[in-house]
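Participant: My questions will all concern the structure given below.
The values are calculated or read from the model by the stated rules, or taken from the named source; none is laboratory data. Note that the structure is predicted; figures quoted are calculated from it, not measured. Please note: Cβ atoms are built from the backbone with ideal geometry, for glycine as well, and neighbour counts cover all protein chains shown. What goes into the accessible areas is simple: the full protein's heavy atoms, side chains included, and nothing from ligands, DNA or RNA. Shrake-Rupley method; radii C 1.70, N 1.55, O 1.52, S 1.80 Å.
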Amino acid sequence: MEAAALAASAPSERTRLTLGGQVGYGVGQIAGQIFRDIPSLLLLFFLTNVVGMDVALAGAAIFLPKLVFGVGSDFAVGMLSDRLKGRVPRRYWLLVGAVLAPLALTLLFRVPDGDNAQRAAWVIVTFSLYMMVFATFSVPYLAIAGELASNERQRTVLMAWRLVFTAVGVLTAGAVAPALVEQFGGGADGYRQMAVVLSVIASASLLLAFFGIGRKADGAQGVFATPPLRGYATMLYFLTYQSGRADALQVIGVIILSACAGIIAAQPFWVWAAGRFGKPRAFIAGSVIYALSYMVWLLLADQPIWVAYLLAFTAAIGNSGWTVIGFSMLADIAADDADHSGLYSAAWIAADKIAFALGGTLLTGLVLSAFGFDAARAVAGLPQSESAVLGVGLAFGLIPPVLTLIGAAIIGIWARKYPTVG
């Protein structure tokens, strides 16, 4: 990515963010993406195919903490960081996250032996802790960016740089983590050791962000949001059962790498598109590209693996478009009420977590269960029924694209009603 494509034209030196400051801020997103993507990509698959939990129960055990402790913690931290920002700059919350992240991440994959009820209780308790720790650094971190970008153009550019480091986090959680599981011998022990390594990476990224953004971010007034990649929870299931690949944990690394390449390559284009055509139209274009990529992927599930790599690349281009533009519009709206930026961040993150939990775990678990997915057969390495394989395909390649297009339609209606916004 050329620096010129991402250079912000700040109105004053006080609000100008140097390239080094952008990099320093962006590094922290690696931790945020690890905490977001590890449960979404690996936890449900781990609980069903390694631990042997019922898929619907496992999905519910992940969803409940996101709904209760995730949302509650987000609002609590958001309001507290607003009240304390005069005495405790928001970036100091990153230090809290750096200390607690290893504990939260490692406990998540240490599910003890027992029946389904005992295992579900462990997941609910440890994932509740996980969500609280996630909130301690994610909400203040998002709110910091308001001081670093003071106009619409800057916010779009900073979001583009942030998405570059999102790609690094996605690569870490989506490619490095599965590779570590395999490197450590697979099974429950492989997942546990993987969690230890990633907890160190997460803590290091938060420390680097704390020192990288420095005092310039102290007292930040704005809102910033995290652009996630969708479809993670079902990807391993899709590769295993729809594409019939026994090497799903290996090829998913290349798929994630292809997606990261798409994210990074697309950023100058989306910055240009937002300025040329307006943010709502750019958002809709990204949504359509993303949705079509996944629908085509479903139809071509049995094709050579290079087709999956190509579609992951195009889907990521679309995904990065609607996420970076969507969150940039949020930042534009929230900038008018800077005194409550922590609360705005909390509200957005809470809604995002609920949606991510509904689509990524609960809905996936319910769909797979409704179509007859059998966790006992999965643990034994036996094939699933035709109905279960169909459920996997729908959960991966049809339901997420349809929901994305519905969101794009809502944005289109909103843009027509308020044509001067965006």
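Participant: Roughly what percent of Cα-Cα pairs across the stretch 56-117 reach past 19 Å?
Facilitator: Value for the stretch 56-117: 51 percent of Cα pairs lie more than 19 Å apart.
Participant: Go ahead and run the numbers for FRET between Leu95 and Val296, Cβ-Cβ distance against an R0 of 41 Å, rounding to 0.05. Walk me through the numbers before you get to the answer.
Facilitator: Numbers: r = 45 Å, r/R0 = 1.09.
Once the sixth-power term is evaluated, E becomes 0.35.
Participant: So, taking all protein chains as they sit and a 1.4 Å probe, how much accessible area belongs to Arg377, in Å² rounded to tens?
Facilitator: 90
Participant: Could you provide, to the nearest whole Å², the per residue accessible area of the stretch 44-146 with probe 1.4 Å? Write out the running numbers ahead of the final one.
Facilitator: On the way: 3640 Å² over 103 residues.
Accessible area per residue: 35 Å².
Participant: Same structure, new question: Give me the one-decimal nm value for the distance between modelled label points at Ala409 and Asn116, 7 Å along each residue's Cα-to-Cβ direction.
Facilitator: In this crude spin-label approximation the distance works out to 3.6 nm.
Participant: Hey, another quick one. I'd like to compare 61-73, 290-302: which one has the highest average count of other Cβ atoms within 10 Å, and what's the full order after that? Intermediate results must be reported in sequence, preceding the final value.
Facilitator: Values: 61-73: 22.0, 290-302: 18.9.
Highest-to-lowest ranking by the protection proxy: 61-73, 290-302.
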